[in-house]
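Remarks on the structure that follows.
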There are 2 protein chains.
Amino acid sequence: MEQLRIPGPTPCPKEVLQAMSRQMINHRGPEFTKMLNNVTAKLKQFFQTKGDVFLLTGSGTGGLEAAIVNTLSPGDKVLSVSIGVFGERFATIAQQFGADVVPLKFEWGKAADADAVGKALEAEPKIKAVLVTHNETSTGVTNDLGAISSVVKQFDKLLLVDAISSLGSINLPVDDWHCDIVVTGSQKGWMVPPGLAMVSVSEKAWQAHASAKMPRFYWDFTKAKKYLEKGETPWTPAISVVFALDVSLDMLLKEGLDNIFARQARLGQATRDGVKSLGLSLFADEKYASNTVTAVATSNGLDIKKMRQILREEHQVVLAGGQQSLDGKIFRIGHLGWVNEDDIKEVISKIKIVLPQAGFISST
Amino acid sequence: MEQLRIPGPTPCPKEVLQAMSRQMINHRGPEFTKMLNNVTAKLKQFFQTKGDVFLLTGSGTGGLEAAIVNTLSPGDKVLSVSIGVFGERFATIAQQFGADVVPLKFEWGKAADADAVGKALEAEPKIKAVLVTHNETSTGVTNDLGAISSVVKQFDKLLLVDAISSLGSINLPVDDWHCDIVVTGSQKGWMVPPGLAMVSVSEKAWQAHASAKMPRFYWDFTKAKKYLEKGETPWTPAISVVFALDVSLDMLLKEGLDNIFARQARLGQATRDGVKSLGLSLFADEKYASNTVTAVATSNGLDIKKMRQILREEHQVVLAGGQQSLDGKIFRIGHLGWVNEDDIKEVISKIKIVLPQAGFISST
């Protein structure tokens with residue numbers, strides 16, 4: 001079987017794929033309502049929130065757009081805490097809808113510094129919201145969101161979080177950390193095909209929403225809430241993905257949140273150890289290395305494009321390349337969702353075979 | 001088996017459901033690129049266009065939002081030709097994003113009058129675009145889009161079309177009728193689960209896009225085009241729905257466009273004849289009655305809610321109710337996608353059984 005080791009979509013278990021093939025039902029009927037209510041209740045356990053959680057039919061990026069347009073007005077000052085491609089994307093969305101973005105960028109491969117966030121908020125009292133990426137998929141770095149959220153809350157700002165590739169895999173207690181909007185996507189640690197974004201909305205986010213003037217219709221949380229109260233979604237949802245999520249959430253709850261986080265930590269460590277054992281270097285600052293995706297820097301003549309091609313064509317191992325300025329400079333191994341230690345061992349052993357064929361000269 | 005006879009989602013054939021359960025692949029890899037290019041080429045045959053066609057991950061309503069934000073600027077005057085709930089929705093989206101909407105409403109159950117469209121355009125030369133619903137799902141009426149488009153083109157206006165519940169089922173030659181944006185959704189005549197909107201973009205729409213200032217990111221056609229040129233989508237797409245669409249389009253192409261349109265016409269006629277044979281009245285003006293959805297008016301004591309409930313619980317027949325002001329006043333039978341004459345006969349015979357139980361007193 002193919003080892004799809006990109007940071008989403010991830011492979012899905014058989015039970016989840018079977019659920020994808022269920023016949024259609026009425027999305028305005030009692031069977032769907034029951035499922036939607038169940039799925040929402042289960043998701044709240046993973047978000048660790050008593051607030052609202054909505055399913056939006058779209059990609060994770062749609063969820064980020066929803067976070068912005070539901071809480072902000074054109075001209076609002078927002079602090080963009082960015083450590084990579086997805087941090088930049090979040091800021092760009094805010095900018096496109098008229099926010100006044102104050103950038104706070106950190107070197108790619110490093111985590112954001114909570115003290116620097118505090119200084120930026122002190123320097124600019126008019127900032128209304130802080131945008132932050134929990135797990136930066138492009139560099140394989142997990143921010144210390146607990147520390148950042150403490151600072152943001154000292155200043156009483158709105159905290160909008162891209163947790164697309166972390167939530168459900170890496171601990172993120174939404175209420176304890178006072179996160180106002182948190183966004184994730186079905187194709188990540190949830191072991192489900194893409195098509196749904198899942199978002200949480202805090203009481204403070206609802207207050208911001210009440211006066212937020214960015215134009216919105218499809219992503220409007222007022223509509224999402226009104227329809228969820230009767231067990232529906234405002235627009236026809238990706239029903240099959242909801243079927244699949246219903247099944248996968250049961251599997252994940254059976255494993256238990258703490259066990260999942262521990263498994264992800266083991267898999268992250270195993271991947272990093274494996275990569276280093278091959279004589280390769282981690283791209284990310286190891287103190288903040290992500291437990292869902294590992295970025296590996298090229299070195300010693302390694303042609304990453306060639307390596308990925310041989311792995312794919314001859315070994316059925318699919319890895320991700322680098323994005324934007326990291327194209328050709330790193331490759332990325334996804335290890336979230338439906339994955340175990342043996343999968344990681346297999347991937348590392350296949351990389352080992354291919355490295356010399358892709359120009360890598362071992363320095364040992 | 002359940003007779004899911006709502007105007008979407010429609011039941012899906014076995015082959016399509018099997019495709020939904022395929023394991024995930026890399027959406028930035030060669031296998032996905034090949035499939036996306038194939039699906040796009042096949043869709044162009046159904047849109048009857050040489051222009052661009054994009055897959056957007058979202059509901060049909062997301063496709064309508066995309067049509068608006070990609071072609072208009074705040075303050076632009078648009079003529080909203082509305083004959084029901086979905087016409088009103090299209091106008092509301094435009095309004096939310098700052099368009100100056102000139103309403104042209106027709107009585108629900110009737111079709112739009114092309115002459116009236118011409119008069120409205122003559123009266124207000126500053127109108128830039130016309131919004132029109134091809135098939136109004138809420139009332140079961142198909143507008144004479146050929147006639148309307150002739151008028152719109154005489155005035156050289158942009159024509160944005162909601163064809164969510166018509167395209168692929170009812171003839172809509174996009175290029176011949178000079179439609180600038182046309183939107184459909186996977187869960188309608190395409191026999192595929194919900195999760196994708198499909199949109200066509202004309203040369204004139206691209207010209208409007210170049211100066212359109214409504215804020216957009218997720219739905220941006222510039223990004224869709226740039227990524228499609230390399231066989232990708234800008235954001236992680238609903239891969240499973242693309243798998244399914246690839247299969248269903250082959251089935252539909254094998255049947256042939258003209259045969260599908262003829263089958264839909266037969267099914268529409270069979271449904272209308274069946275309804276009338278029960279002593280019930282059609283809600284829609286029969287000259288413009290839709291061949292994908294039939295709306296039936298309540299009469300003679302019929303409790304529609306009760307009828308639908310008994311049909312669902314005791315006969316596994318699922319029909320739709322009326323929306324908004326039509327709630328309780330009509331019910332709707334969907335007959336698009338994977339449906340044949342026997343299905344319609346079964347539905348009519350089940351309605352016949354249930355009518356007296358739901359208070360209907362036959363006048364014959």
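The values are calculated or read from the model by the stated rules, or taken from the named source; none is laboratory data. Quantities reported herein were computed from a predicted structural model and do not represent experimental measurements. Neighbour counts are summed over all protein chains in view; Cβ atoms, including those assigned to glycine, are modelled from backbone coordinates with ideal geometry. Surface areas here come from the heavy atoms of the whole protein model, side chains and all, with no ligands, DNA or RNA. Shrake-Rupley method; radii C 1.70, N 1.55, O 1.52, S 1.80 Å.
Figure legend. Inter-residue proximity from region B:61-75: first residues facing another protein chain (nearest Cβ under 9 Å) and touching a residue at least 60 places away in the same chain (Cβ under 8 Å), second residues open to solvent by less than 10 Å² (accessible area, probe 1.4 Å) and in a helix (DSSP H, G or I), beta-carbon distance below 6 Å, spacing 6+ or different chains. Indicated pairs: B:L64/B:F90; B:L64/B:I93; B:E65/B:I93; B:I68/B:I93; B:I68/B:A94.
Would you call A:D176 buried (at least 24 other Cβ atoms within 10 Å of the Cβ) and either among the charged types (D, E, K, R) or touching a Lys or Arg at 6+ places or on another chain (Cβ under 7 Å) (or both)? Judged against the criteria, A:D176 is not a match. Whenever a residue of region B:326-353 is exposed (fewer than 13 other Cβ atoms within 10 Å of the Cβ), it has no partner that is in a strand (DSSP E or B) lying with C-beta atoms less than 6 angstrom away and at least six residues away or across chains. With respect to the conditions (1) out of contact with any Phe, Trp or Tyr (no Cβ under 6 Å at 6 or more places or on another chain); (2) in contact (Cβ under 8 Å) with a residue 12 or more places away in the chain, A:D273 lacks only one, and its number is (2).
Given the structure, is B:V199 assigned to a strand (DSSP E or B), open to solvent by less than 10 Å² (accessible area, probe 1.4 Å) and closer than 25 Å to B:T292 by Cβ? Criteria met by B:V199. When region A:294-321 is filtered for residues that are of a type outside the set (A, V, I, L, M) and either within 12 Å of chain B (Cβ to nearest Cβ) or open to solvent by less than 10 Å² (accessible area, probe 1.4 Å) (or both), the ones remaining, listed by number, are A:T294, A:R308, A:Q309, A:R312, A:E313, A:Q316, A:G321.
Here region B:38-71 is the region considered, the condition is being among the small types (G, A, S) and open to solvent by less than 10 Å² (accessible area, probe 1.4 Å), and the residue that is nearest to B:F217 (Cα to Cα) is B:A66.
Answer yes or no as to whether A:K287 is open to solvent by 60 Å² or more (accessible area, probe 1.4 Å), within 23 Å of A:I260 (Cβ to Cβ) and of a type in the set (K, R). Spelling it out, A:K287 is indeed open to solvent by 60 Å² or more (accessible area, probe 1.4 Å), within 23 Å of A:I260 (Cβ to Cβ) and of a type in the set (K, R).
Residues that are in a loop (DSSP other than H, G, I, E, B) and in contact with a Gly (Cβ under 7 Å, 6 or more places away or on another chain) within region B:29-76 comprise B:G58, B:S59, B:P74, B:G75, listed in sequence order.
Are any residues in region B:175-201 away from chain A (no Cβ under 11 Å) and of a type in the set (S, T, Y), and if so, which ones?
Answer for region B:175-201, where residues must be away from chain A (no Cβ under 11 Å) and of a type in the set (S, T, Y): B:T184, B:S200.
Here region A:77-101 is the region considered, the condition is being in a helix (DSSP H, G or I) and within 16 Å of the chain's Cα centre (by Cα), and the residue that is farthest from the other protein chains (Cβ to nearest Cβ) is A:G87.
Within region A:1-19, residues that are within 7 Å of chain B (Cβ to nearest Cβ) and more than 18 Å from A:S165 (Cα to Cα) reach partners that are open to solvent by 10 Å² or more (accessible area, probe 1.4 Å) and part of a loop (DSSP other than H, G, I, E, B) with beta carbons closer than 8 Å, at six or more positions or on different chains, in the pairs A:L17/B:S21; A:L17/B:R22; A:L17/B:Q23; A:Q18/B:S21. Taken over region B:202-227, residues that are away from chain A (no Cβ under 13 Å) and surrounded by fewer than 20 Cβ atoms within 10 Å (Cβ to Cβ) amount to 8.
With respect to the conditions (1) surrounded by fewer than 22 Cβ atoms within 10 Å (Cβ to Cβ); (2) out of contact with any helix residue (DSSP H, G or I) (no Cβ under 7 Å at 6 or more places or on another chain), B:M35 lacks only one, and its number is (2).
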